[in-house]
1. Just to be sure I follow: if Rg is taken over the C-alpha atoms of segment 127-166 and Rh is the Kirkwood radius over the same atoms, what is Rg/Rh?
2. What is the spin-label model distance, in nm, from Asn476 to Ile374 if the labels are put 7 Å beyond Cα along the C-beta direction?
3. Report the charge-dipole magnitude of the chain in Debye, nearest 20, computed about the Cα centre from +1 at each Lys and Arg Cβ and -1 at each Asp and Glu Cβ.
4. Can you find, among Ala375, Gln115, Phe71, the residue farthest towards the positive end of the dipole of the chain? Put +1 on the C-beta of Lys and Arg, -1 on that of Asp and Glu.
5. Would you kindly give the portion of the calculated P(r) for segment 259-331 that falls above 21 Å, as a percent of all Cα pairs?
6. Rounded to the nearest 20 Debye, what is the dipole magnitude of segment 435-500 about its Cα centre when Lys and Arg each give +1 and Asp and Glu each give -1 at the C-beta?
7. Take the chain, mark every one of the GluC sites (Glu not before Pro) that falls in a DSSP loop and has at most 10 other Cβ within 10 Å, then report the longest stretch left between them, sites excluded.
8. Keeping all protein chains in position, work out how much accessible area Val68 exposes to a 1.4 Å probe, and write it in Å² to the nearest 10.
Amino acid sequence: DKSTNVRTALKTGSFGLFNPSLLLEQKLSQKTSFTTSLEWTKADGHYKYRYQKKAGYDTTAVRQNGDVAAFRGEISFNSKISEKAKASLKAYFYNSERGLPGAIVANNYDHIQRQWDSNFFIHGSYQNSFSDACDLLANVKFSKDFSRYLDPDYKTLEGALNNKYYQNEFYASIVNLYKINKWWKIALATDFSINTLEANLYRFPYPTRYSYLGALSSEMHWNRLDIQANLLDAYVDEQVKYYQQGKNQNVFCPVLSASYQPLENKNFRVRAFYKESFRMPTFNDLYYTFIGNSSLKPEFTKQYNFGTTYLLEPRKFLQTASFQADVYYNRVKDKIIAMPSSNLFRWTMMNLGEVEIKGLDINFNLIFKLPAEIALDLGLSYTYQIARDITPKGNTYGDQISYIPKNSGTLTSSINWKKWQLNYSFIYTGERYSQKANIPVNYVQPWYTSDMAIIWDATILKKRIKIGAEVNNLMNQYYDVVLNFPMPGRNYRLNLAINF
């Protein structure tokens, strides 16, 4: 029954973090409303870390050039045109400037590279159910992206390296859904997009990409069995203005999936799918200086998956218990990987000829109702993944691909009592290798973090107030997600949110 809702929030904490935000939701009429959201983030990024040499940790330093200043604003209008039709329009803007902290190697702790980013898009959507059997969904979007990279240490004939990139995209999509009968429905989706990229670089190719996608989908649902079958036809026409040859792709990708209830228990199901997919290299992958590799090939994948889900019905003490497990096998041709370089803007893009991925995913979730109005939520997820380079006659045949751990997992828990909530999470990432070759010099140690938060959520003077305090990396562990890029130790954050 409210016509207006306002939410203000403020986050502050370690590394000079100051992050205010505002949300306004306004009902203009019974069928029309708008939402606007504003957010500003500023931080100096200074944190202590330990620099490790072979003899051990021998230096404590402060991370430099990790500052960030960013603004985000968005506004959306939503309208219920009729009982069966609705439309929305959204505009979004983001602008940021940040330092790029580089790799800590050869006693070099100071880096002065900078990056600027600006993103704008406007998106419209229309949905209509013309009858009980026929639905329509249409989307259109236009976006403009700007990126600038400045490296005063890298000298060119014009002075310091100062790369600027301008990227535009127009996208349109129409989806029609038709219900043949109670157990069978089909859909046809067509997408079209145009992407362009310009830059202030010498001998830049100025690419334009036209993408045409068509997907025919069918879903059949019986008492115990669900079957879905999809066929995607993708045609990509890439043209370049100068210096290079454009690339075209025409690909058919089928998908077949099924879910079956083998027992009377409706909460136990098994499922399987086969999927073929492809991924075109992005303009960033292909054409950004120090990043792009214009000879990158598209990535083609065949995926096989078998899984099961089980949900235990509510009990007096154990409210719910859910279990989910999947085993999968993927075969990837010309897999696109990104190799870190000296700073976070420069990455090396490359193809691996053949990659074989075998994996197991397990997820548990338990919810308990304890005495004294205490609720306990426990979650556990584990992934075992072998991702090997099996390129014939390759120098790294049989090696795990870079930065993919064999073992990883998370543990989450939440205790709720009246107006209080206590959260804890544990993240583990196993040993990895920083390069394609699995040799000792490329070995990256496992790492883990523990994070904890306490939240108080109550109503004062008819205003809902939420106050939270966080401690991240509780054990103050030194670790690198990317080798030689040290992550912060123990850090803190305070959150305050008020709803009017």
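1. Working: Rg = 23.4 Å, Rh = 14.5 Å.
Over the Cα atoms of segment 127-166, Rg/Rh equals 1.61.
2. Using points 7 Å along Cα→Cβ, the separation is 2.9 nm.
3. Values: 59 positive and 44 negative charges, 186 e Å.
Roughly 900 debye, rounded to the nearest 20.
4. The residue sitting farthest along the positive end of the dipole is Ala375.
5. Values: 1462 of 2628 pairs.
Every Cα pair in segment 259-331 considered, those over 21 Å come to 56 percent.
6. Numbers: 7 positive and 4 negative charges, 74 e Å.
The calculated dipole for segment 435-500 is roughly 360 debye.
7. Working: sites that count: Glu83, Glu158, Glu264, Glu373.
The longest uninterrupted stretch comes out as 374-500.
8. Counting only protein heavy atoms, Val68 exposes about 30 Å² to solvent.
The values are calculated or read from the model by the stated rules, or taken from the named source; none is laboratory data. Treat the numbers as computed from the prediction; the structure is a model and nothing was measured. Note: ideal-geometry Cβ built from the backbone for every residue, glycine included; neighbour counts use all protein chains shown. What goes into the accessible areas is simple: the full protein's heavy atoms, side chains included, and nothing from ligands, DNA or RNA. Shrake-Rupley method; radii C 1.70, N 1.55, O 1.52, S 1.80 Å.
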